[in-house]
Amino acid sequence: MSNDFDGPALAARFPAGFTWGAATSSYQVEGSTGADGRGKSIWDAFVNEPGRVVDGSNGDTAIDSYRNIAADVATVKSLGLSSYRFSLSWPRICPDGDARVNAKGLAYYSDLVDALLAEGITPWITLYHWDLPQALEDAGGWPERATAERFGEFARIAHAALGDRVKHWITVNEPWCAAFLGYSSGEHAPGRREPAASVTAAHHLMLAHGLAARAIKAADPDAIVSIGLNFYPVHAASDNPVDVDAARRVDGVQNRWFTEAALRGAYPEDVVEDFKAISDFSFVEDGDMDQIHAPVDVLSVNYYSRFTVTGNGGATSASAAPTGAGSAWPANEHIGFVSAGLPVTDMGWEIEPAGLTEMLTRLHAGYPEVKLAVTENGAAFPDKIEDGRIHDPERLEYVQGHLAACADAVEAGVPLVAYFAWSLADNFEWAWGYTKRFGLVYVDFETGERTVKDSGRWYGDLVRRARSNREAE
Ligand code: FCB
């Protein structure tokens, strides 16, 4: 462990009332996919198609969170965290994606919320972390406008059941992934490779966000509404105009498209021009952009890595799984992703903590009216149990570096209110199955046994120190 990060120095750099948490999502942890009337999601169907998940695994059991609320709550508590971010499985609550509610599915989340609150842990709920009801995919999925409308109803249903106890709501997690990995590259469920439809899907995901945000605010004006976006600083590989244009394009789709729509009510014009090569934008109806421009209190920032891009190369990024996927960059297939020579995680993602400070300060400069929260940050590394301990110095260093980057942003005046590590515990990592471990807590996937890693111990110590410093003030 680097001594630079020991002691109270880092903890003392965070403001009073800062939210300390860890995050998961429903399909990645719950298991029990056939239990208690849960409907099927697009991930249940996708994982059964050969070749979609590198180890041929699925989320049928995952880490058994559905049957074991106590274990998850105990884990959050053992780290001393003040908050837990988890997502609702839409088909567990609305098995067919319509307004018919499965009371048992809702009861699970209600019990989880109660169990967290009983331990003084604040729930942050994500409404959509990629597990669309299969019934809605059968009707066309996110390229269909009706899917967004159904999502608005789902938000109303979820909030009506839990909103008396839950204040923090993240509407959609990473619409970039849901649209472009789900409908363009096909790396994620539903595995479609339809570049034009993916742009339509992206719009409907934003419409879904707007409808959900409005439904929640209408029910509770004090609710704290957010959208979760994944951001990457983008650098051109050279001064060559082709590379500089590639950087503009990737920055446009990744960092500007969703924020401008949600927070300014308009898509960036240069990106619209790029997408016009494959889309006529007839899916944007009058009033849509106003709907999308709904009240947002906190912008949720998911940050893992940075990109260096060229204008000469196939558009496969380091994050793509080797599952025969197409391009996640519709209308931009000439772009390539290159290494900047930085150290990488087990995902091949380059590590650059300063990129997080850069993104946070840039977002604050562009959207000074919203608070910011880091709602995902973390790293996969292969872990081994040795004498009952998991020594994970690389993950530890990653978390330390990125927390210092958060503190730098706070000191630069960024209204950062929260940090959630991804993830609370090892889990099902989408197309990578169980081959990538992101947890602060190690999970034996055979027995379900959980063991706090060195990184989790360190994070827990830091959180306890930060919270007790502030309580003593
Ligand atoms: C994010 C996802 C999350 C997890 C991490 C590693 O894109 O939101 O579910 O897969 O990446």
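The values are calculated or read from the model by the stated rules, or taken from the named source; none is laboratory data. What you are looking at is a predicted structure, and each value in this text was computed from that prediction instead of being measured. With ideal geometry, Cβ positions are generated from the backbone for all residues, glycine too; neighbour counts draw on all protein chains shown. When the accessible area is computed, the model is the full protein with side chains, heavy atoms only, and any ligands, DNA or RNA have been set aside. Shrake-Rupley method; radii C 1.70, N 1.55, O 1.52, S 1.80 Å.
Answer with yes or no whether residue 277 is open to solvent by less than 20 Å² (accessible area, probe 1.4 Å) and at negative phi.
No, not satisfied.
Got at least one residue in segment 10-32 being in a helix (DSSP H, G or I) and more than 19 Å from the chain's Cα centre (by Cα)?
yes
What are the pairs with Cβ atoms under 8 angstrom where one residue, in segment 422-434, is open to solvent by 10 Å² or more (accessible area, probe 1.4 Å) and more than 10 Å from the ligand (Cβ to nearest atom) and the other, located anywhere, is of a type in the set (D, E, K, R) and part of a loop (DSSP other than H, G, I, E, B)? Sequence gap at least six, or different chains.
Close Cβ pairs (under 8 Å, with a partner that is of a type in the set (D, E, K, R) and part of a loop (DSSP other than H, G, I, E, B)) amount to 434/55; 434/426.
Every residue in segment 213-232 that is open to solvent by less than 50 Å² (accessible area, probe 1.4 Å), more than 16 Å from the ligand (Cβ to nearest atom) and either of a type in the set (A, V, I, L, M) or under 20 Å from the mean Cα position of the chain (by Cα) (or both), please.
First pass over segment 213-232, keeping only residues open to solvent by less than 50 Å² (accessible area, probe 1.4 Å): 213, 215-217, 220, 223, 225-232.
Next, only the ones that are more than 16 Å from the ligand (Cβ to nearest atom) stay: 213, 215-217, 220, 223, 225.
Of everything in segment 213-232, those that are open to solvent by less than 50 Å² (accessible area, probe 1.4 Å), more than 16 Å from the ligand (Cβ to nearest atom) and either of a type in the set (A, V, I, L, M) or under 20 Å from the mean Cα position of the chain (by Cα) (or both) turn out to be 213, 215, 216, 223, 225.
Could you please find all residues in segment 341-353 being acidic (Asp, Glu) and away from the ligand (no atom under 14 Å from the Cβ)?
Our first condition is that a residue be acidic (Asp, Glu); within segment 341-353, this holds for 346, 350, 352.
If the condition is that a residue be acidic (Asp, Glu) and away from the ligand (no atom under 14 Å from the Cβ), then 350, 352 are the ones that fit.
So residue 24 clears everything in (1) in contact with a strand residue (DSSP E or B) (Cβ under 8 Å, 6 or more places away or on another chain); (2) at positive phi except one condition, right? Which one?
The number of the failed condition is (2).
Would you check which residues across segment 111-131 are at negative phi, away from the ligand (no atom under 16 Å from the Cβ), not in a helix (DSSP H, G or I) and not hydrophobic (A, V, I, L, M, F, W, C) and list them? Break it down into steps so the answer makes sense when it comes.
First, pick out the residues of segment 111-131 that are at negative phi: 111-119, 121-129, 131.
Then drop every residue that is not away from the ligand (no atom under 16 Å from the Cβ), which leaves 111-119, 121-123.
Next cut, not in a helix (DSSP H, G or I) only: 119, 121-123.
Result: 119, 122, 123.
Taking residue 301, is it in a loop (DSSP other than H, G, I, E, B) and either within 22 Å of residue 181 (Cα to Cα) or away from the ligand (no atom under 16 Å from the Cβ) (or both)?
No.
In segment 177-200, which residues are within 14 Å of the ligand (Cβ to nearest atom) and small (Gly, Ala, Ser)? Quick ask: steps written out before the conclusion?
First, the residues of segment 177-200 that are within 14 Å of the ligand (Cβ to nearest atom): 177-182, 185, 187-189.
178, 179, 182, 185, 189, listed by residue number.
Looking at residue 313 and the list (1) outside any helix (DSSP H, G or I); (2) free of Cβ contacts under 8 Å to residues at least 60 places away in the same chain; (3) open to solvent by 50 Å² or more (accessible area, probe 1.4 Å), which single condition is not satisfied?
Going through the list (1) outside any helix (DSSP H, G or I); (2) free of Cβ contacts under 8 Å to residues at least 60 places away in the same chain; (3) open to solvent by 50 Å² or more (accessible area, probe 1.4 Å), residue 313 breaks only (3).
Check whether at least one residue in segment 207-218 is without any contact (Cβ under 8 Å) to a residue 60 or more places away in the chain, of a type outside the set (Val, Ile, Thr) and under 28 Å from residue 371 (Cα atoms), and report yes or no. Walk me through how you get there before you give the answer.
So the first thing to find is which residues in segment 207-218 are without any contact (Cβ under 8 Å) to a residue 60 or more places away in the chain, and the list is 218.
Narrowing further to those that are of a type outside the set (Val, Ile, Thr): 218.
Now restrict to residues that are under 28 Å from residue 371 (Cα atoms): 218.
Checked against the condition, which is being without any contact (Cβ under 8 Å) to a residue 60 or more places away in the chain, of a type outside the set (Val, Ile, Thr) and under 28 Å from residue 371 (Cα atoms), segment 207-218 yields at least one hit.
List, please: which pairs have Cβ atoms under 6 Å, are six or more places apart or on different chains, and start with a residue in segment 93-106 that is in contact (Cβ under 8 Å) with a residue 40 or more places away in the chain and end with one that is aromatic (Phe, Trp, Tyr) and outside any loop (DSSP other than H, G, I, E, B)?
Close Cβ pairs (under 6 Å, with a partner that is aromatic (Phe, Trp, Tyr) and outside any loop (DSSP other than H, G, I, E, B)) amount to 94/154.
Looking at the structure I just gave you, is residue 338 touching a strand residue (DSSP E or B) at 6+ places or on another chain (Cβ under 6 Å) and more than 16 Å from the ligand (Cβ to nearest atom)?
Details: touching a strand residue (DSSP E or B) at 6+ places or on another chain (Cβ under 6 Å): yes; more than 16 Å from the ligand (Cβ to nearest atom): yes.
Answer is yes for this residue.
So that you can scan it fast, the table gives a plain yes or no per residue for (1) over 18 Å from residue 156 (Cβ atoms); (2) under 20 Å from the mean Cα position of the chain (by Cα):
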residue	(1), (2)
89	no, yes
92	no, yes
102	no, no
114	yes, no
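This table checks each residue for (1) within 16 Å of the ligand (Cβ to nearest atom); (2) at pLDDT 95 or above; (3) surrounded by fewer than 22 Cβ atoms within 10 Å (Cβ to Cβ).
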| residue | (1), (2), (3) |
| --- | --- |
| 136 | no, yes, no |
| 146 | no, yes, yes |
| 149 | no, yes, yes |
| 164 | no, yes, yes |
| 169 | no, yes, no |
| 175 | yes, yes, no |
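Anything in segment 264-297 that is closer than 15 Å to residue 201 by Cβ and either among the small types (Gly, Ala, Ser) or touching a Pro at 6+ places or on another chain (Cβ under 7 Å) (or both)? List them, or say none.
Once the filter is applied, which keeps residues that are closer than 15 Å to residue 201 by Cβ and either among the small types (Gly, Ala, Ser) or touching a Pro at 6+ places or on another chain (Cβ under 7 Å) (or both), segment 264-297 yields 278, 279, 282.
Are there any pairs, at least 6 apart or on different chains, whose C-beta atoms fall under 6 Å, with the first in segment 333-353 and at positive phi and the second in a loop (DSSP other than H, G, I, E, B) and surrounded by 14 or more Cβ atoms within 10 Å (Cβ to Cβ), and if so, which?
Listed by first residue and then by second, the contacts come to 348/318.
Would you mind finding the one in 84, 108 that is open to solvent by less than 50 Å² (accessible area, probe 1.4 Å), part of a helix (DSSP H, G or I) and not hydrophobic (A, V, I, L, M, F, W, C)?
Residue meeting the stated conditions: 108.
Within segment 394-409, which residues are open to solvent by 30 Å² or more (accessible area, probe 1.4 Å) and either within 23 Å of residue 12 (Cα to Cα) or within 15 Å of the ligand (Cβ to nearest atom) (or both)?
Once the filter is applied, which keeps residues that are open to solvent by 30 Å² or more (accessible area, probe 1.4 Å) and either within 23 Å of residue 12 (Cα to Cα) or within 15 Å of the ligand (Cβ to nearest atom) (or both), segment 394-409 yields 397, 408.
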